[in-house]
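Only one structure is covered here, and it is reproduced in the block below.
The values are calculated or read from the model by the stated rules, or taken from the named source; none is laboratory data. These figures come from a predicted structure and were not determined experimentally. Quick reminder, even Gly has a Cβ in these numbers, built from the backbone with ideal geometry, and neighbours come from all protein chains shown.
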Amino acid sequence: MKAVNKKKSRKRVLSGLKNKAIQRFIVGLITVTIAAVIVENGAAPKKYRLEVGESSKYDITAPRDIVNVLLTEKLAAEAAANVPPVMVRLDDVPIDIINSLNEFIDYIESARQKINGLYGQYSDIVGGGIADMTEQETAAADYLILKLDELGVKITADQAGFLLKTATDEEMGKFETLLISTVSEVMKSEVNADNLAEKTLYIQNIFQISDLPQELKDLGGFTAKALLRPNSEIDEEATRIARDEAYEAALENKQIIPEGSRIISFGDIVTEDKLEVLRELNLLETEGFDYRFAAGILAVVLMLSFLLIWYIRVFCSKVMPGTKETVLMCVIILLTLLAAWLLEPVSPLLIPVFIAPILITIFLDLRLALIVNTMLSFTVWLIANGDQQFLYIAMIGGTASAFIVNGANQRSRLSVSGLVIAAINSLVTACMGLMSKSDLRTIAYSAALVSINGMLSTIFTIGVLPIFESIFNIVTPLKLLELANPNQPLMKRLLLEAPGTYHHSLMVGNLAEAAAEAIGANALLARVGAYYHDIGKLKRPGFFKENQLSENPHERMTPNLSTMVITSHTTDGTEIAEKYKVPQAVRDIISQHHGTTLVAYFYHKAKNGDPRGSIKEEDFRYPGPRPATKEAAVVMLADSVEAAVRSAAEKTEDKIETIVRNIIKDKLDDGQLDLCDLTLKELDLIVKSFIHIFGGYFHEREEYPEVKVRKEIDKSEWDPVVQRVSGMKNASCQAAEDARAEQQETGTGADDPLTVREAGEVEKQHA
C-alpha cells in the first residue's frame, strides 16, 4: 500500500513539474536566489582583520561618507572640558576675612598692651617681681597663641614672644597696614580654589620684599595663607549646563570621512575610533556574516523581480509564452550580474550592463529589454558601490542600445551599433564629468573605458547569439535572414534536386509573408518557414508532380502506398531540418503545415476501389500536428491556395477570391485552425493579402497578335505527332477540370498528386 501511495505521490510531483506556471516559479525562485547571492557578494565591501594598537597592513578608503563617531565624541568631550566653570561670588567671604584680620590684629595689640602695662607696673620691682612678670608674659603669649589658633593662625611661642616683646610699635604698624591692604586688594579680585595658592603666594611675595623684619615677613605670609579663602565658588548646575551645551554643539560638527578618502594608511597604528569606523562600514572580518545587509539585498532583489513580473504580465505576456523564454531571460540577467561582480574590482565603468538589453531586444522584445535594463541598472548599481556615474551610463546607454539594435537584420549592423553605443556612452560620461567638474584627463579616461565597454558588449553579443539560438531554439531576425539566403545548403539542394518545389516554396513565402504582416504575426518567420516547408520532398522528389518530367510513379502504386509517400514528406522534412540544424520554430512549421488534412484524392480512390467499405479516413490523413502558431497556419493556407490558384484556368480577381475563401473555409471546417488563435477578422485580412499578391502575379496582359505560318498550319493538319500532342493537351485540360471539381467537392490538398495542382501542372506542360 505504501509503495502504491509513493508511486502516486511521485506521479503528482512529476505532473506538477510539467505545469508551465510551476516551472516558471521554480526558474524565478532559482534566479532570485542566485541573483541575491551575486549582488550580496558584489555589493559587500572587502573585509579586513585589524586590532587596536597594531600597525595597519592595508590602505583602506571609505566606500561612502562615514562619520567617525568616536573621534566626534572625543572632540565634543574636550570642548566640554575646556568650558571654564561658572563661578558665583561669595560676598560675605571678604568681609569675614577682613574681620578675621581685624581680630588677629586686635589680639596682638591687646596682648602687646598687656605686656607693656606689665613692664610699666614692674619697672621698679626687682627680685620676686621679675618672676611674676615672666609668668604673666608667658600667660599673655599663651593667650595670644590660643586666640590666634581659634582664628586658624597657628604661631609658635617664639613667634608670640617676638610679637609681644621684640617687635616695635612702628614695625607692627607697618605689618598690620600691609597685611590689611594686601588681603583687601586680593579679595577685590576673584579668588577661587584654582588660584588661591597663586593669590597667597602673591601676598607672601609682597611681604618678602617689604622692609619688615624677617619674622614679620614670614608671619604675614603665614597669616595670609591661613586666613585667605576663595571669594567665589563653582556653580555646579550652571557649569553642567554650559558644558552640556558645549558638548552638544561640538557633536554637530561631525568628523566625516568623505567617500574615497583614506580611513587608515599602510603602517598607521590602528586606533579605537578608526576601528569603529571600519566596524560601522562592515569592513572587519571579525564581524561575521552580516545578516541585515543580506536581508536588505534580498528585499531589493525581490521587489525588483516583482515589478518585472508585473510588467511582463501586463505588457509582455505574448513574448513570454513558455518556460523557454523565461529561462533565456533569467540566464541573460544572471550572466550580466556575474560579469558585474567579476569586473567591478577593475572599474565599474567596464561592467557590460548593455549586454542584457541588446540580447533581450534581439531574442524577445524591445519593451521587455527596456524594463530589464532599468531593473538591472539599479541592481548592478549596488554592486558598483552606488557609483552615480555608472547609474546614468547604464540607464541612458542601455536604453539607447536597445533602440539601436531593434530591428537589426544583419550581424554587421550589430558591429556598427557597437560604435554608436560607445559614442553615446562617451557623451554621457563627458556630461557627468563636466557636472562633477572633473579634469579633462579623468573625463577622457572614463570615456575610453565606457567606449571599450560598449564595443565589447556588442562583440560578446555577436559571439553568443549562435549559442543561445542553438540552446534555446529561439530564432532571431538575423538567423532567419541567414536561412532565407538562397545560398543556404538546403535551399541549394531544393533548387537543384526539386526545382518545381523550390519555385512553389518561393511563391508560398511571398504569400505567407504578406499575410503574416497583415495580421501582426512574425512575417520573416512565416517567409522562412514557407521556404523550408516542403524540404521533405528532397527525399523522394520524383513522387511529387511539380518535379516530374515524364511518368507519374503513383500510377503503379496503391492509394495507401501513395498516401504514405505523400504524407511522409512532413516527417521527412522535420528530420532533414534537424540534421541541418534548422531552428525549432521553422521545424514546427514544416511538421504542421498540413496539419491532419485528408489526402482526399487517394482516399476517394481507395474508397471507390473497396466494395467492402473497409477504408478508414484516418489512414489517409497527414500525421499532424495541426498548426499551433499563426505563422504555421498562414503557411498552411498559403501552400494550399497557391496550388489551387495556379491550376485554375480562370485567374480573375473574383475567381481567385472564391478559391481562396473556399479553401480557408474547408480548413476551418476541418478543424485545422483550432489551435492557432486566428480570429475571423484575421482570416479576412489573410484573404485580402492573398488576393493582393495574386493580383500582382496574374495581372492581365495585352494579347499579342497571332502570326500564322502556313507551313506550320499545314503540317499540323497531317503530322501525327502534332495531333497526338493536341490530344494530350485536350485530355489534360479535361483532367484539370475534373480535378478542380474534385477539389471543390472534397478539398484535396495542394500536394496531393493528380489533384488540382497536378492537373494544372499537366495542363501547363502540354499547353
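One line per residue, one yes/no per condition, for (1) aliphatic (A, V, I, L, M); (2) farther than 30 Å from D194 by Cβ:
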position: T239; (1), (2): no, no
position: A242; (1), (2): yes, no
position: E259; (1), (2): no, yes
position: D268; (1), (2): no, yes
position: T271; (1), (2): no, yes
position: K274; (1), (2): no, yes
position: V277; (1), (2): yes, yes
A careful count of residues in segment 513-536 that are closer than 24 Å to P489 by Cα and touching a residue at least 60 places away in the same chain (Cβ under 8 Å) gives 7
Taking segment 569-589 and keeping residues part of a helix (DSSP H, G or I), surrounded by 18 or more Cβ atoms within 10 Å (Cβ to Cβ) and of a type outside the set (A, V, I, L, M, F, W, C) leaves H569, T570, D572, G573, T574, R587, D588
Within segment 601-631, of all residues that are small (G, A, S), in contact with a helix residue (DSSP H, G or I) (Cβ under 9 Å, 6 or more places away or on another chain) and farther than 26 Å from Y531 by Cβ, the one surrounded by the fewest Cβ atoms within 10 Å (Cβ to Cβ) is G613
Expected output for segment 548-560 (first residue over 20 Å from A498 (Cβ atoms), partner surrounded by 10 or more Cβ atoms within 10 Å (Cβ to Cβ) and among the aromatic types (F, W, Y), Cβ below 9 Å, 6+ apart or cross-chain) is T558/F602; P559/Y601; P559/F602; P559/Y603; P559/F620; N560/F602; N560/F620
Within segment 205-219, can one find any residue that is among the polar types (S, T, N, Q), at pLDDT below 90, buried (at least 19 other Cβ atoms within 10 Å of the Cβ) and assigned by TED's automatic domain parsing to the domain that holds T156?
no
Flagged in segment 658-681 as surrounded by 16 or more Cβ atoms within 10 Å (Cβ to Cβ) and either outside the structural domain of A643 (by TED's automatic domain parsing) or within 16 Å of V635 (Cβ to Cβ) (or both), in numbering order, are V660, I663, I664, K667, Q672, L673, L675, C676, L678
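Scanning segment 356-408 for residues that are of a type outside the set (A, V, I, L, M, F, W, C) and outside any helix (DSSP H, G or I), which turns out surrounded by the fewest Cβ atoms within 10 Å (Cβ to Cβ)?
Kept after step one, since they are of a type outside the set (A, V, I, L, M, F, W, C), are these residues of segment 356-408: 357, 361, 365, 367, 373-374, 377, 379, 385-389, 392, 397-399, 401, 406-407.
Those still in the list that are outside any helix (DSSP H, G or I) too: 365, 385-387, 406-407.
Values: D365: 22, N385: 15, G386: 14, D387: 18, N406: 16, G407: 11.
By that ranking, first place goes to G407.
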Of the candidates S436, S401, S415, the one satisfying the condition of being farther than 19 Å from P357 by Cα and either in contact with a Lys or Arg (Cβ under 8 Å, 6 or more places away or on another chain) or of a type outside the set (A, V, I, L, M) (or both) is S436
Those helices (runs of 4 or more DSSP H) completely within segment 474-538 that have 1 or more residues that are of a type in the set (S, T, N, Q) are 499-519
Of those in segment 29-45 that are surrounded by fewer than 17 Cβ atoms within 10 Å (Cβ to Cβ) and either among the β-branched types (V, I, T) or more than 17 Å from I297 (Cβ to Cβ) (or both), the residue modelled with the lowest pLDDT is V37
Taking first residues from segment 320-335 that are closer than 19 Å to N19 by Cα and second residues anywhere that are among the hydroxyl-bearing types (S, T, Y), the pairs with Cβ under 7 Å that are 6 or more apart or on different chains are M320/T326; C330/T31
In the set N453, N510, the lone residue that is in contact (Cβ under 8 Å) with a residue 60 or more places away in the chain and either basic (K, R) or under 30 Å from L549 (Cα atoms) (or both) is N510
Residue pairs qualifying under the 6 Å Cβ cut-off, at least six apart or on distinct chains, with the first in segment 155-174 being not assigned by TED's automatic domain parsing to the domain that holds F104 and the second being aromatic (F, W, Y) and part of a helix (DSSP H, G or I), are none
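Would you confirm whether or not segment 66-88 contains a residue that is closer than 30 Å to L338 by Cβ, of a type outside the set (G, A, S) and at pLDDT 80 or above?
yes
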In segment 607-648, anything more than 51 Å from the chain's Cα centre (by Cα) and in a loop (DSSP other than H, G, I, E, B) is listed as G609, D610, P611, R612, G613, S614, I615, K616, A648
The one condition R626 fails out of (1) touching a Cys at 6+ places or on another chain (Cβ under 9 Å); (2) over 16 Å from L675 (Cβ atoms) is (2)
Given (1) buried (at least 20 other Cβ atoms within 10 Å of the Cβ); (2) more than 28 Å from A633 (Cβ to Cβ), L549 misses just (1)
Residues in segment 314-355 that are more than 19 Å from the chain's Cα centre (by Cα), part of a helix (DSSP H, G or I) and among the small types (G, A, S) total 1
Quick one: is R587 without any contact (Cβ under 8 Å) to a residue 24 or more places away in the chain and within 19 Å of E469 (Cβ to Cβ)? yes
For segment 25-65 the number of residues that are of a type outside the set (K, R) and closer than 28 Å to L376 by Cβ is 25
